[in-house]
Amino acid sequence: SIQNIYNEKQFRGSSDFDIRHNINANIIYELPLGKGKLLLRNSPGWLDQIVAGWQISSIIRYHSGLPSVIQGTYAWNTNYDLSSLAIPITAFKEQQGFDSNGLPSMFATTDLANAFRNQYPGSTGTRALVRLAGLTNVDISIAKNFRMPWEGQKVQLRAEAFNAFNNVNFINPSLALYSPLTFGEYQNTTAPRVMQFALRYEF
């Protein structure tokens, strides 16, 4: 949203969806076991049903943090769509980790709220003032395919784990000057590990 229609450049900065580093990898690997494969290629039928048809897949995601503003304490000082935003008055340093209260935070101490001031009426707050924590997530799936006696048909048993390594990704930091006691501290996390199982008939 434009804060000052008479000087649009005053609110220049990174887009809200600007991700500087973004890695996505998709892996599908069928284990080389069973008839016609690298290992146990001459296995009898009963053994082939056990060792063949195993498949491992994974989706790996990593991205660095999104930019964010810091909310001020004034209401509608620019217009009736936007409340005030913070403007830094001294140098500050982001430090993703734990603050002096022992809580996960963007800063070393909540006292850093004093490093910012409100935008005054008629002025423009600072865009993309800080960067939120990044995200790391790995989903893993293991599947076993059972060949049916009819051509093109099989039964698949799947086990899937979302956020398989239970990575803790912090979200929703307290970034408002009117909440100095929790300033910079993360208020929530993304979902923990979730597992599901499925039986599928393909034809």
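Residues of the stretch 23-74 being assigned to a loop (DSSP other than H, G, I, E, B) and either closer than 30 Å to P88 by Cβ or of a type in the set (D, E) (or both), which ones? Let's see the steps before the verdict.
At the first step, the residues of the stretch 23-74 found to be assigned to a loop (DSSP other than H, G, I, E, B) are 31-32, 34-38, 40-44, 52-53, 64-66, 69-70, 72-74.
Once the filter is applied, which keeps residues that are assigned to a loop (DSSP other than H, G, I, E, B) and either closer than 30 Å to P88 by Cβ or of a type in the set (D, E) (or both), the stretch 23-74 yields S64, G65, L66, V69, I70, G72, T73, Y74.
Could you tell me whether A128 is surrounded by 16 or more Cβ atoms within 10 Å (Cβ to Cβ), at positive phi and assigned to a loop (DSSP other than H, G, I, E, B)?
Values: surrounded by 16 or more Cβ atoms within 10 Å (Cβ to Cβ): yes; at positive phi: yes; assigned to a loop (DSSP other than H, G, I, E, B): yes.
Considered against the rule, which asks whether it is surrounded by 16 or more Cβ atoms within 10 Å (Cβ to Cβ), at positive phi and assigned to a loop (DSSP other than H, G, I, E, B), A128 comes out as yes.
Yes or no: F92 open to solvent by 50 Å² or more (accessible area, probe 1.4 Å), closer than 29 Å to N7 by Cα and among the hydrophobic types (A, V, I, L, M, F, W, C)?
Values: open to solvent by 50 Å² or more (accessible area, probe 1.4 Å): yes; closer than 29 Å to N7 by Cα: yes; among the hydrophobic types (A, V, I, L, M, F, W, C): yes.
Yes, satisfied.
May I ask you to say which residue of S123, S174 is hydroxyl-bearing (S, T, Y), surrounded by 15 or more Cβ atoms within 10 Å (Cβ to Cβ) and in contact with a Gly (Cβ under 8 Å, 6 or more places away or on another chain)? Even if it seems obvious, please write down each step before you answer.
Details: S123 fails: in contact with a Gly (Cβ under 8 Å, 6 or more places away or on another chain).
None of the others qualify; the one that does is S174.
Given I50, I87, I70, I59, which one is surrounded by 12 or more Cβ atoms within 10 Å (Cβ to Cβ) and out of contact with any strand residue (DSSP E or B) (no Cβ under 8 Å at 6 or more places or on another chain)? If you could, list the steps in order and put the result at the bottom.
Working: I87 fails: out of contact with any strand residue (DSSP E or B) (no Cβ under 8 Å at 6 or more places or on another chain); I70 fails: out of contact with any strand residue (DSSP E or B) (no Cβ under 8 Å at 6 or more places or on another chain); I59 fails: out of contact with any strand residue (DSSP E or B) (no Cβ under 8 Å at 6 or more places or on another chain).
After applying the criteria, what remains is I50.
Give me the residue from the stretch 87-119 that is without any contact (Cβ under 8 Å) to a residue 60 or more places away in the chain and in contact with a Pro (Cβ under 7 Å, 6 or more places away or on another chain) and, out of that set, farthest from F170 (Cα to Cα).
Among them, the one singled out is A115.
The values are calculated or read from the model by the stated rules, or taken from the named source; none is laboratory data. Everything quoted here is computed from the prediction, not taken from an experiment. All Cβ positions, even for glycine, are placed from backbone atoms using ideal geometry, and neighbour counts span all protein chains on display. All accessible areas refer to the heavy atoms of the entire protein, side chains included, with ligands and DNA or RNA removed. Shrake-Rupley method; radii C 1.70, N 1.55, O 1.52, S 1.80 Å.
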